[in-house]
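Colleague: Please see the structure below; I have some questions.
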Amino acid sequence: MSFRYESLPVLQEQLRKQELSCREVVEHYVRQCHDHRHLNAMLEVFEEDALIQADRLDEKLRNDLPLGKLYGMVIAVKDVIVMKGKEATASSAILQGFESLFNATCIDRLLAEDAIIIGRTNCDEFAMGSSNETSIHGPVLNAADETKVPGGSSGGSAVAVQADLCMASLGTDTGGSIRQPASLTGTVGFKPTYGRISRYGLIAYASSFDQCGTFTRNAVDAAMLTEVMAGQDPHDATSSSQPVPDYAALLEPPAKLRIAWYPQTIDNGKLDPEVKQQFHDLLEKLKAAGHTVESVDFTYLDYLVPTYYVLTTAEASSNLSRFSGIHYGHRTEVTADVDEVISRSRSEGFGEEVKRRIMLGTFVLSSGYYDAYYTHAQKVRRIIRNETLDVLSRFDIIITPTTPTTAFAIGEKTTDPIEMYLADIYTVQAPIAGIPAISVPLHTHSNGLPYGMQLMAAPFREDLLLAVTDHLMQHFR
Amino acid sequence: MNKESYEAVIGLEVHAQLLTKTKAYSSDIAEYGGDPNTHVSVVTLGHPGTLPVFNKRTAELAITMGLATHCKIREHNLFARKNYFYADLPKGYQITQDQTPICTEGYVEIGESRKEKRIGITRIHMEEDAGKSIHELDPYFTLIDLNRAGTPLIEIVSEPDLRSGEEAYEYLTEIRKLVRYLAICDGNMEEGSLRCDANISVRKKGASEFGVKVEVKNMNSIRNVKRAIDHEIERQIAAIENGETISQETRSFDAAAGTTFSMRSKEAAHDYRYFPEPDLPPLRIHAAMVEEIRSGMPALPKELQKRYEQELGLSTYDAALLTAEKSVVTYFEALIQHTTRYKAAANWILGPVREWLNAGARDMDDFPVAPAQLAALLALIDEGKLSFSAAAQQLLPVWVEEPDTAPDALAQKLNLIQETDEAFIEQLVDEALKAFPDKVAEYRNGKKGLIGLFMGEVMKRSKGKADPKVATALLQKKLEA
């Protein structure tokens, strides 16, 4: 069977006409996963479960029974989103062998709409990293150049879509963990508004930043997936009660967009000159197409990355306290008193980057330093959010590059965490402000690697981001 | 120097386990007991990916306690995480309140109504309990039961207004009375559903600065709180008198020895790294909710106690006993709808009825006789148709088995109705006096105690049914004549 996936509406049409069966589609992806094992994107392929689900759907198709909105969609899931009866490791030694007793809410919702879950994807340990190199399972290779990183932390999910190991994948985004790898792999990476999709079942990194999102080939798939997963969840008190629109039916953008950009983020030595040129060219094209494009001063640029790291590490230091070796997960072989068992289990179970962030977070919350760091950063977060919302009250979209460069070499930045953190400059603003953002794969660099442009919009304007993404991909690619 | 020149300064922190159906942040049932680790879902277990969802009932009960102790109720509440590692704390932090306790600046009154003292309540905040570590069941392992983990608590923190173990005893008694009365907590200190820690310091009388405070834990009864405080005050005074300095530390009470011993010093204290709980949105308490709770609350024991003393003429002691428990108040209030014999009503509840309850370890709710029926019995006694002792000793034990029988019918059936007919009793009195002419002479010569003998004789002749009041009056009249 020669099968080439384009989009979910096209696939569903093919399935309806019985040109294809779900079983054939799943077999195709299982083969793809097998053939691309060296990329290390998939940690586990649920061949049996996926085939059972496929047969069930084929049976429904044959009997003309009602089908869910996502029928036939083959989806891979980042290994920080838990699934009942499946291992859930967060790419950490401390959770090796741990099986979840429940499904994340987003997984339940996907399955209820007849999606097919094909497997678990590799990621940075506890979603902490920008290169997928902190995973206990080893790095993921960028399918565009296997000497390069795919970005992180959702590197496996990005490559799974990039290398056609599935139709779409789920990631989580705390400071750019979906959008940055999407940029480096040439996929559409979408992080909805904070609270749009339930966090129940996401292994928490930083609770007030974490948001589940998608990797897809196009805007329509992201729209259909997000519509199914979004909406209030009684298990997550921070999930929003805002009604969920039919995003896929709203892919027509306004004829005249008001677009803002920040000159300080562009006139910046860290930005690749070719990316910079392409960004300016894109702005010109948008102007030429009749859109309003204006530069806007953003006063707090230098505060974005520090604010992000103070607050996320503080929350992480507490969120990761449950991994103690007492109740589940890795426990030290050493017999000792309870404090020693906890301390050793954690020392053995956590990797370097996770330890670094736990230590940082513990420090910024400790008495005597709390006000100087945590309280201060909370205030700055509020200011950044207000200023961002102010810009978005005057403009529809803020546009930036997603990443300052294309994918870097495996091992290139692992010795310099500060350098790695600074690469988050474009992506941390959206989760600090709680707004939705998307990375749109518009360009290929002369080095042959893809990179994306990022769009941000006001809270709960997922519809606008998806419509503009669809439009840009059709007319500005 | 003697200890009279010192003054103790004591503040209490009371944890009360709330009587909610489910836990504070999950839908697991919150019930004492049960097989170990049976009231646990993935949320209680702190499994990766789980999130807390606040149980509104926790806030309702906290507000109820706040209103009962004259607190201000906070509109804008935040939850906070208190971080520390322990084996029976699955998440590695406790969800509590830090800067924004739900109730603040209240008080309770202790002491008799004429010399009341107000003890300030600094704050009441909501939090969740930890599980239990069990060390004694296995020689090699500590076992953990997480049934209690996540059950809701309120912590009630007093101002340092207490000055003695006795005052602490009264304060804690009042707190326990309130939480039981309002069905906030079952108030069981032995099972740990009500727990108390004490902060104790001493200073020279008249000093304006506080002394160094010591925290004492592990006192599992109100009496032990008093014992521990009394001991700790003596210990601290003796230490100061010996020229030692008191160090800020946490001590544990040894109930067997009646002494305290050091658990940890201040230096070893935790840095709990409190910060706002990001998994729970702020909790807004609307004025309407507070008013709804207030209007649904019963009259409080202190108010009732005053009313019983002032309006019903009961003694302070009786009024305090009657208001100690909600079920007793409910019964008594119903009873006094049917009778104005308040003193007799109190005597019955606190006497024969309470004896019957205690004998079977029963609760007031178990008493089967309707208040109206008991009021009818009080009337029979007052009219002399039945003696108090016959009613208490002979009628009541039968009555509780057939509570629907009217008391006069039952008294008839049991042959307990007293003879009040004066002519009949007079005849018996005359017979008794005739039978003992020498004793009559002795009486008239001043041996007044012999009236008991004549009384017994009258009773014997009436088979116990003569109204003693009538008989006494007739005997006296004839003997004095």
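Colleague: Taking neighbour counts of Cβ atoms within 10 Å as a proxy for exposure, in what order, fewest first, do A:Glu353, B:Glu105 appear?
Modeller: Placing the least packed residue first, the sequence is B:Glu105, A:Glu353.
Colleague: Okay, moving on. Within 10 Å of each candidate Cβ there may be at most 14 other Cβ atoms; applying that plus a DSSP loop requirement, which GluC sites (Glu not before Pro) in the range B:191-253 survive?
Modeller: Hits after loop and neighbour filter: B:Glu191, B:Glu209, B:Glu244.
Colleague: Next question, about the same structure. What is the magnitude of the charge dipole of chain B about its Cα centre, with +1 placed on the Cβ of each Lys and Arg, -1 on the Cβ of each Asp and Glu, and no other charges, expressed in debye to the nearest 20?
Modeller: With Lys and Arg at +1 and Asp and Glu at -1, about 800 debye.
Colleague: For the range B:273-308 and the range B:205-235, what is the separation of their Cα centres, given in Å?
Modeller: After rounding, the separation between the Cα centres reads 30 Å.
Colleague: Give the residue from A:Leu311, A:Ser343, A:Tyr369 lying farthest towards the positive end of the charge dipole for the range A:305-371; charges sit on Cβ (+1 for Lys and Arg, -1 for Asp and Glu) and the dipole is referred to the Cα centre.
Modeller: A:Leu311
Colleague: Taking each residue in B:36-42, count the Cβ atoms of any other chain within 10 Å of its Cβ, then average. What number comes out?
Modeller: Taking all residues of B:36-42 together, the mean is 1.
Colleague: Using θ = phi - 60° and the Karplus curve 6.51 cos²θ - 1.76 cosθ + 1.60, what whole-Hz ³J(HN,Hα) does each residue of the range B:189-198 get, with Gly and Pro shown as x?
Modeller: Karplus-based 3J(HN,Hα) across the range B:189-198 equals 6, 5, 7, x, 6, 10, 10, 9, 10, 10 Hz.
Colleague: Hey, another quick one. Just need the relative contact order of the range A:153-262 here, percent rounded to a whole number, with Cα pairs under 8 Å and 6+ apart.
Modeller: 24
Colleague: Here's something else I'd like to know. Two-decimal Rg/Rh of the range B:3-288 from alpha-carbon positions, Kirkwood Rh?
Modeller: A ratio of 0.97.
Colleague: First check a/c for the range B:305-376, with a ≥ b ≥ c the square roots of the eigenvalues of its C-alpha gyration tensor; if it is under 1.5, answer rounded, and if not, answer prolate when a/b is larger than b/c or oblate otherwise.
Modeller: oblate
Colleague: Using the crude model of +1 on Lys and Arg Cβ and -1 on Asp and Glu Cβ, and no other charge, please compute the dipole size for the protein assembly as shown relative to its Cα centre, in debye to 20.
Modeller: My answer is approximately 1860 debye.
Colleague: Amide H neighbours of A:Ile117 under 5 Å, at least 5 residues apart or on other chains, H built in the peptide plane: list them.
Modeller: For A:Ile117, the qualifying residues are A:Ile75.
Colleague: Can you give the Kirkwood hydrodynamic radius of the range B:422-479 from its Cα pairs, in Å with one decimal?
Modeller: Its Kirkwood hydrodynamic radius stands at 11.0 Å.
Colleague: Multiply the residue gap between B:Lys447 and B:His70 by 0.36 nm, knock off their C-alpha separation, and tell me the result in nm, one decimal place.
Modeller: 129.6 nm
Colleague: For a quick size check, give me the Cα extents of the range B:226-284 along its three principal axes, largest first, whole Å.
Modeller: 52, 25, 20
Colleague: At most 10 other Cβ atoms within 10 Å and a DSSP loop assignment: could you name the chymotrypsin sites (Phe, Trp or Tyr not before Pro) in the range B:352-404 that fit?
Modeller: Here no chymotrypsin sites (Phe, Trp or Tyr not before Pro) fit, given the DSSP loop and packing criteria.
Colleague: How far apart, in nm, are two points set 7 Å out from the Cα along the Cα-to-Cβ line at B:Asp438 and at A:Ser393?
Modeller: 11.4
Colleague: Which value at 222 nm does the protein assembly as shown reach when only helices count, each DSSP H run of 4 or more adding -39,500 (n - 2.57), with the total divided by all residues and rounded to the nearest 500 deg cm²/dmol?
Modeller: -11000 deg cm²/dmol
Colleague: Separation between the B:Arg163 and A:Arg356 pseudo-spin-labels, each 7 Å from Cα along Cα→Cβ, expressed in nm?
Modeller: Simple spin-label model gives 6.1 nm for this pair.
Colleague: To continue, here is another question. Rounded to the nearest 20 debye, what is the charge dipole size of the range A:305-371 about its Cα centre when +1 sits on each Lys and Arg Cβ and -1 on each Asp and Glu Cβ?
Modeller: The dipole of the range A:305-371 has a size of about 160 debye.
Colleague: Under 13 Å from a label point 7 Å along Cα→Cβ of A:Arg62: give me every residue in the range A:14-34 with its amide N that close.
Modeller: The answer is A:21-24.
Colleague: Related question: So in the protein assembly as shown, what percent of DSSP beta bridges are antiparallel if you round to the nearest 5?
Modeller: 80
Colleague: Taking Rh as the Kirkwood radius computed over C-alpha pairs, what is the Stokes-Einstein D of chain A at 10 °C in a medium of viscosity 1.306 mPa s, expressed in µm² per second?
Modeller: 71
Colleague: Taking 30 Å as R0, compute the FRET efficiency from the Cβ-Cβ separation of B:Thr405 and B:Arg362 and round it to 0.05.
Modeller: Efficiency, from the Cβ-Cβ distance: 0.90.
Colleague: Hey, what do the phi angles of the range B:369-380 turn into as Karplus ³J(HN,Hα) couplings, whole Hz, using 6.51/-1.76/1.60 and θ = phi - 60°, x for Gly and Pro?
Modeller: Per-residue couplings from phi come out as 7, 5, x, 4, 5, 5, 4, 5, 5, 4, 5, 4 Hz.
Colleague: For the range B:283-414, how big is the tail of P(r) above 26 Å, as a whole percent of Cα pairs?
Modeller: The answer is 29 percent, as a whole percent.
Colleague: Once amide H atoms are placed 1.01 Å from N in the peptide plane, what residues at a sequence separation of 5 or more from A:His443, or on another chain, have their amide H within under 5 Å of its amide H?
Modeller: Sorted by chain and number, the residues that satisfy this are A:Tyr451.
Colleague: Write out the trypsin sites (Lys or Arg not before Pro) in the range A:283-366 meeting two conditions: DSSP loop, and at most 11 other Cβ atoms within 10 Å of their Cβ.
Modeller: Of the trypsin sites (Lys or Arg not before Pro), not one in the loops of the range A:283-366 has a Cβ with at most 11 other Cβ atoms within 10 Å.
Colleague: Out of all Cα-Cα pairs in the protein assembly as shown, roughly what percent, to the nearest whole number, are more than 57 Å apart?
Modeller: Summing the P(r) of the protein assembly as shown above 57 Å gives 33 percent of all pairs.
Colleague: So, one more: Can you work out ³J(HN,Hα) from phi for every residue in the range B:296-313, in order, using Karplus 6.51 cos²θ - 1.76 cosθ + 1.60 and θ = phi - 60°, giving whole Hz and x for Gly and Pro?
Modeller: Each residue's phi maps through the Karplus curve to give x, 7, x, 4, 7, x, 4, 5, 5, 4, 4, 5, 5, 5, 7, 9, 9, x Hz.
Colleague: How high is the FRET efficiency between B:Glu105 and A:His280 when r is their beta carbon distance and R₀ equals 51 Å, given to the nearest 0.05?
Modeller: 0.25
Read-outs: derived from the displayed coordinates by stated rules, not from any lab. Just so we're clear, the structure is a prediction, and the values are computed from it rather than from any experiment. Glycine gets a Cβ as well: all are built from the backbone with ideal geometry, and neighbour counts include every protein chain shown.
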